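The values are calculated or read from the model by the stated rules, or taken from the named source; none is laboratory data. Every value quoted in this text rests on a predicted model; they were computed, and no experiment measured them. For neighbour counting, all protein chains shown are included, and Cβ atoms are generated from backbone atoms with ideal geometry for every residue, glycine included.
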Amino acid sequence: MLLIDKADGVAVVTMNRPEAMNAMSVGLRAALFDAFVELNGDPEVRVAILTGAGERAFTAGLDLKELGASRDGMQAANAIQPAANPVRAIAHFAKPVIGAINGVAITGGFELALACDILIASTNARFADTHARVGITPGWGLSQKLSRLIGVYRAKELSLSGNFLDAKTAYDWGLVNRVVEPAELMPAALKLAREIASIPVDMLVTYKRMIDDGFALPLGEALALEHERSTVWNADVTPERVEANRLAVLARGRGR
């Protein structure tokens, strides 16, 4: 139910339940946790791409058949263990994650998309928060993250209606980085992933964490955090390293 391919510093993680719209069953959630733990500890992996099999769905969210089968299943929406909560599993992954949104990302699937660092959407992609219609409140962050990304009025419109947001509007609202044709989704995601993977992994981990930790703070505190961490990092940078990196940047620019 989960496929992993690794090459050139990039791991492609594919949720592979297309017959169930890649719904996140107990087994799939556990597999996602195991995969991201393994990839986090793999020194050859610098970037991960998360996507779904087929063109219909990134993931339709939690497996509603499982949720409806017993009251225990209802606890999944509030699970805090990373093995049961894929958003937390991704949060424990220190390296960048690109979400390649190939189809619908619904409710918990929407929350999973929001856990990624960068989103590239196919024209087939659509987003929906159907928590209110299902009768369950979100527990994986959607009610707080979405308003910070697209504004509180737009977030309320989506969450209180349960309506779908198409890929173009998601781009216009700043929810996704770009929108491409379905056949171009993985090539675009892989190209960007390889570009990111060309940067040393310790820099990727440090910079990603600086952005994430600062984003969660008021601006004044975030600027202080940047200064504190930047001072520590830059104290170890030598003039020779800066010059070598400068030449590499120039060479890369000439090659474009």
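Numbers for the structure displayed
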| quantity | calculated |
| --- | --- |
| Test for ALA183: is it aliphatic (A, V, I, L, M), within 23 Å of the chain's Cα centre (by Cα), outside the structural domain of ASN40 (by TED's automatic domain parsing) and within 30 Å of SER122 (Cα to Cα) | no |
| Residue check for LEU190: surrounded by 11 or more Cβ atoms within 10 Å (Cβ to Cβ) and either within 30 Å of ALA105 (Cα to Cα) or modelled with pLDDT of 95 or more (or both) | yes |
| Residue identified as modelled with pLDDT under 80, part of a helix (DSSP H, G or I) and surrounded by fewer than 10 Cβ atoms within 10 Å (Cβ to Cβ) among ARG254, ARG246 | ARG254 |
| Subset of segment 43-62 (residues that are out of contact with any Leu (no Cβ under 7 Å at 6 or more places or on another chain) and outside any strand (DSSP E or B)) | PRO43, GLU44, ALA53, GLY54, GLU55, ARG56, ALA60, GLY61 |
| Residue in segment 24-42 that is in a loop (DSSP other than H, G, I, E, B), over 17 Å from PRO138 (Cα atoms), in contact (Cβ under 8 Å) with a residue 12 or more places away in the chain and under 18 Å from the mean Cα position of the chain (by Cα) present | no |
| Matching entry among VAL205, VAL176 (being outside any helix (DSSP H, G or I) and under 19 Å from the mean Cα position of the chain (by Cα)) | VAL176 |
| Complete set of residues in segment 1-17 that are closer than 16 Å to LEU112 by Cβ and outside any strand (DSSP E or B) | MET1, ASN16, ARG17 |
| Flag for THR107 being more than 18 Å from the chain's Cα centre (by Cα) and of a type in the set (Val, Ile, Thr) | no |
| Among (1) surrounded by 11 or more Cβ atoms within 10 Å (Cβ to Cβ); (2) in a loop (DSSP other than H, G, I, E, B), the one test that SER230 misses | (2) |
| Criterion: farther than 26 Å from SER122 by Cα, of a type in the set (Lys, Arg) and out of contact with any His (no Cβ under 9 Å at 6 or more places or on another chain) - qualifying residue of ARG194, ARG209, ARG178 | ARG209 |
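Condition check ((1) touching a strand residue (DSSP E or B) at 6+ places or on another chain (Cβ under 8 Å); (2) in the same structural domain as ALA193 (by TED's automatic domain parsing); (3) hydrophobic (A, V, I, L, M, F, W, C)) across all residues:
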residue: ASP117; (1), (2), (3): yes, yes, no
residue: ALA121; (1), (2), (3): yes, yes, yes
residue: PHE127; (1), (2), (3): yes, yes, yes
residue: HIS131; (1), (2), (3): no, yes, no
residue: GLY135; (1), (2), (3): no, yes, no
residue: PRO138; (1), (2), (3): no, yes, no
residue: SER147; (1), (2), (3): no, yes, no
residue: GLY151; (1), (2), (3): no, yes, no
residue: LEU160; (1), (2), (3): no, yes, yes
